[in-house]
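S.K.: The structure is given below, and queries will be raised subsequently.
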Amino acid sequence: KIKARINDQEITVAEGMTILEAAHRAGVKIPTLCHLDLHDLQLYNKTASCRVCMVEVVDQRNNRNRLVPSCVTKLAEGMAVRTDTRRAIIARRAAVELLLSNHPNECFTCPKNVECELQALAKELNVREIRWEGERMSYPKDMSSDAIVKDANKCIYCRRCETACNEVQTCGILSGIGRGFNSFVGPFANIPMVESSCTYCGQCVQVCPTAALTEVYHTDKVWEAINDPDKYVIVQTAPAIRVALGELFGMEAGTIVTGKMVTALKRMGFDAVFDTDFGADLTIMEEASELIYRLQNNKTLPILTNCCPAWVKFIEQQFPELIHVPSTCKSPHIMLGTIAKTYYAEKMGIDPDKIVMVSVMPCIAKKAEAKRPELTKDSRNNVDISITTRELGAMIHEAGIEFIKLPDSEFDSPLGETTGAGVIFGTAGGVIEAALRTASEWITGSPLEKIEFEELRGLEGVRRATVKIGDRELNIGIASGLGNARHILEDIREGRADYHAIEIMACPGGCIAGGGQPYHHGNDEIVKKRREAIYREDRSKTLRKSHENKEILELYRTYLGEPFGEKAHELLHTHFEK
Ligand code: HC0
Ligand code: SF4
């Protein structure tokens, strides 16, 4: 322990703590920009590149104060720190002014307007003029991919994206490019994003403080479809949306807004509002069957869940030799799209070519997934447009809907009934838990004594648990974050793993922390609250196992036949690229 002083407070802290951390614990605010300290998501950006956290350390030897960046300067015994001197404040402001001197002045039209951390700092630090205005970087926007837009002119070189991509996701796409004035972070040799091995996981977008990296916006396409009288526009919402959308309307993180969200979607003019949780229940019917089939035939174990499209791209690109291991199930939103354009269209007498399926996802990779050729049926997309939670929030704002005041409504039938198993897909560990709830009852033929598999829940990046089903023990692995996935995949490739089933999600924490969710702005409490809300929503459901979903059972009885049967294969399964 060491004793030190911050402003007028005497503090005692563990040795090795930075001034920034000690100040925060003592309730003293120091602004930051590049810094990220997300313990639960294991994402730490300590590049000390922005210099916005400057403070003064009193140098007792000559009584002259030194300016230091508080994020990387460790407190020492007897140190006296001032965070509030004029000199420190002006140094911070100068750091922001220098960033602004080479930053486009287009806040009005910027996708990050009011959400930009640089803009917020300019206000907080009372910047009133940009003293060094002059030449600026002028790179063209990279709009090459279906998922991510890169605007290098807005890059402030904080390197958060680089850390997320290279250290957390181990994808190695982003690095510093150019020299001096013209430097920015982008793919090696500044190739277009689409030519890189980007998985579109969107973790770089989630942590970018400005709009240097954003999703491709599709809101106008959705409005266009809604306003086309010739189209029948269906929307489906992913499990993780309902626990985060409220944040975009000033509600507390973790507030469950399922009913308000459905009302908003109906008022916006969608013809039908379905729940991706239905697709998740359907996925479980197929995936649990596939797991049992592989166990009984001792074939290709472990099975890997594959509903996360960034993870699918990752294994295709980085572990092609393991491409036979993932389940062949389509992901839930694609399954729901397929069923809407076949079963539902037939049942309702709607021409499937007139159906536009919109999925609202916490994810950016779903935009690219929807365009994958092997996921189209009869040259028809199963999902036509995929938008993020943030895009849906923007559309609700744009429509002038007062979200907070909305009454609740129910999803439409027959693709709207869902179970708690579908809901927990939204958090890491949920997909495999949902699969085991069903597989276990199917294998043993008797109801589970306890529905929750607590041993599968936790925030670790890699979790391993043994689950007893009847007289059999199954080794289960769960990894969230692609870096963690890499460890598990290496173990499988080298024959070091004895797993039977593994769930992998590309985003640390799962979909609740997806690249398309409301920005967490470096606060992992938000993600924790969303996660708790997912489990709360599961507990509140009357049905909590996918195979008890009556609309799903009806779908199999009247249309699909047996789970994992011929028609189910034709409509609900896919293959991957090597
Ligand atoms: Fe997920 Fe999904 S659970 S990937 O995290 O599987 O995006 O929420 O919608 O499709 O259901 C995301 C979330 C989904 C899908 C589902 C799966
Ligand atoms: Fe890296 Fe994911 Fe961003 Fe692609 S989307 S650059 S893989 S962090």
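The values are calculated or read from the model by the stated rules, or taken from the named source; none is laboratory data. Here the structure is a predicted model, which is why all the values come from computation and not from measurement. Neighbour counts are summed over all protein chains in view; Cβ atoms, including those assigned to glycine, are modelled from backbone coordinates with ideal geometry. Heads up: the accessible areas ignore ligands, DNA and RNA and are worked out on the full protein's heavy atoms, side chains in. Shrake-Rupley method; radii C 1.70, N 1.55, O 1.52, S 1.80 Å.
S.K.: If a residue must be touching a residue at least 12 places away in the same chain (Cβ under 8 Å) and closer than 20 Å to I385 by Cβ, how many such residues does the stretch 314-350 contain?
M.R.: 15
S.K.: Mind checking which residues of the stretch 497-536 are within 13 Å of ligand 1 (Cβ to nearest atom) and over 14 Å from A253 (Cα atoms)?
M.R.: E503, I504, M505, A506, C507, P508, G509, G510, C511, G514, G515, G516
A quick yes/no check of all residues on (1) aliphatic (A, V, I, L, M); (2) touching a strand residue (DSSP E or B) at 6+ places or on another chain (Cβ under 8 Å); (3) surrounded by fewer than 17 Cβ atoms within 10 Å (Cβ to Cβ):
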| residue | (1), (2), (3) |
| --- | --- |
| H24 | no, no, yes |
| S49 | no, no, no |
| M54 | yes, yes, no |
| T73 | no, yes, no |
| V81 | yes, yes, no |
| D84 | no, no, yes |
| A91 | yes, yes, no |
| N102 | no, no, no |
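S.K.: Something else now. Does the stretch 166-189 contain at least one residue that is within 16 Å of ligand 1 (Cβ to nearest atom), touching a Leu at 6+ places or on another chain (Cβ under 9 Å), among the hydroxyl-bearing types (S, T, Y) and touching a residue at least 40 places away in the same chain (Cβ under 8 Å)?
M.R.: no
S.K.: For the stretch 355-373, enumerate the residues that are of a type in the set (K, R), surrounded by 24 or more Cβ atoms within 10 Å (Cβ to Cβ) and more than 10 Å from ligand 1 (Cβ to nearest atom). Working first, answer last.
M.R.: Of the stretch 355-373, the ones of a type in the set (K, R) are 366-367, 371-372.
Right, trim to surrounded by 24 or more Cβ atoms within 10 Å (Cβ to Cβ) and you get 366-367.
If the condition is that a residue be of a type in the set (K, R), surrounded by 24 or more Cβ atoms within 10 Å (Cβ to Cβ) and more than 10 Å from ligand 1 (Cβ to nearest atom), then K367 is the only one that fits.
S.K.: While we're looking at this one, here's another question. Under the condition of being open to solvent by 20 Å² or more (accessible area, probe 1.4 Å) and β-branched (V, I, T), which residue from the stretch 537-578 is farthest from M251 (Cα to Cα)?
M.R.: T558
S.K.: Condition first: open to solvent by 30 Å² or more (accessible area, probe 1.4 Å) and within 12 Å of ligand 2 (Cβ to nearest atom). Now tell me which residues in the stretch 163-190 satisfy that.
M.R.: N166, E167, T170, G172, S175, F188
S.K.: Select the helices (runs of 4 or more DSSP H) contained entirely in the stretch 385-468, then report the ones holding at least 1 residues which are over 23 Å from the mean Cα position of the chain (by Cα) and not aromatic (F, W, Y).
M.R.: Answer list for the stretch 385-468: 389-398, 430-444.
S.K.: Would the stretch 147-156 turn up any residue that is in contact with a Cys (Cβ under 8 Å, 6 or more places away or on another chain), within 12 Å of M137 (Cβ to Cβ) and surrounded by 16 or more Cβ atoms within 10 Å (Cβ to Cβ)?
M.R.: Looking through the stretch 147-156, at least one residue is in contact with a Cys (Cβ under 8 Å, 6 or more places away or on another chain), within 12 Å of M137 (Cβ to Cβ) and surrounded by 16 or more Cβ atoms within 10 Å (Cβ to Cβ).
S.K.: Among the numbered criteria (1) more than 28 Å from V52 (Cα to Cα); (2) crowded, with 21+ Cβ neighbours inside 10 Å, which single criterion is violated by R159?
M.R.: For R159, the failing item is (1).
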